[in-house]
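Peer 1: Pasting a structure below so you can have a look.
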Amino acid sequence: MPPRPATPADIPGILAIETLPQYRAFVGRWSEARHRATLAGDDARYFVVDDDCGEGEPAEIAAYAILRGFAESSNAIELKRIAVRTPGCGTGRRFLEDLIRMVFEEFHAHRLFLDVFESNARARHLYESLGFVYEGTLREAALVDGEYHSLCLMSLLRGEYVREYVREYGAQKTS
């Protein structure tokens, strides 16, 4: 399913993913109040991917992402957070590909950036495979369970996205 903008009704599903045990070391955890305030603000946009549970069953959130930087004049969007309920099924890759397209084609950003835990090799590999470039290390920038962890700063520029899109699809679609 394609991503859709999240609503306040999606916050319990977002919290359920965010607090999964496998994400404790790699995904920040916010309170419900902070998510509600961020979602209601001008600077961030939340997106979710629904997982249809079958006929007559309500859809569950399969993944969510937070993009920030919409209130800035730099045309730089930060991928603040992305997490999937069931890793390893390809949902995260497809979702991230859709987000990248949105950032450059719909939001007309110049730069998409993120930070990722240095120890999260799986995520770093995914970002690199989608064209993100390592820019440097934010040394001991995140405090998790009383320990400091370093983050890798990565980005994808509009020109890089356009060149990759042209190479892969043979035509430029972005403005």
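Peer 1: Placing unit charges on C-beta atoms (Lys and Arg positive, Asp and Glu negative, everything else neutral), compute the dipole magnitude of segment 1-85 about its Cα centre in debye, rounded to 20.
Peer 2: The dipole magnitude comes to about 460 debye.
Peer 1: Related question: What does the charge dipole of the chain about its Cα centre add up to, to the nearest 20 debye, if the Cβ of each Lys and Arg holds +1 and the Cβ of each Asp and Glu holds -1?
Peer 2: 340
Peer 1: Take the chain, mark every one of the trypsin sites (Lys or Arg not before Pro) that falls in a DSSP loop and has at most 13 other Cβ within 10 Å, then report the longest stretch left between them, sites excluded.
Peer 2: Segment 30-172 is the longest.
Peer 1: Oh, and also: What whole-number value in Å² describes the accessible area per residue of the chain for a 1.4 Å probe?
Peer 2: 55
Peer 1: In sequence order, what are the phi-derived ³J(HN,Hα) couplings for segment 99-104 according to the Karplus relation 6.51 cos²θ - 1.76 cosθ + 1.60 with θ = phi - 60°, rounded to whole Hz, with x for glycine and proline?
Peer 2: Karplus values, whole Hz, x for Gly and Pro: 5, 4, 4, 4, 4, 8.
Peer 1: When the helix-only estimate is applied to the chain (DSSP H runs of n ≥ 4, each -39,500 (n - 2.57), divided by the residue count), what is the mean residue ellipticity at 222 nm, nearest 500 deg cm²/dmol?
Peer 2: -8000 deg cm²/dmol
Peer 1: Roughly to the nearest percent, how much of the accessible area of segment 82-137 is carbon and sulfur, given a 1.4 Å probe?
Peer 2: So the carbon and sulfur contribution to the accessible surface is 50 percent.
The values are calculated or read from the model by the stated rules, or taken from the named source; none is laboratory data. What you see is a predicted model, and the numbers here were worked out from it, not measured in a lab. Neighbour counts run over all protein chains shown; Cβ positions are idealised from the backbone, glycine included. Surface accessibility is based on the protein's heavy atoms, side chains included, excluding ligands, DNA and RNA. Shrake-Rupley method; radii C 1.70, N 1.55, O 1.52, S 1.80 Å.
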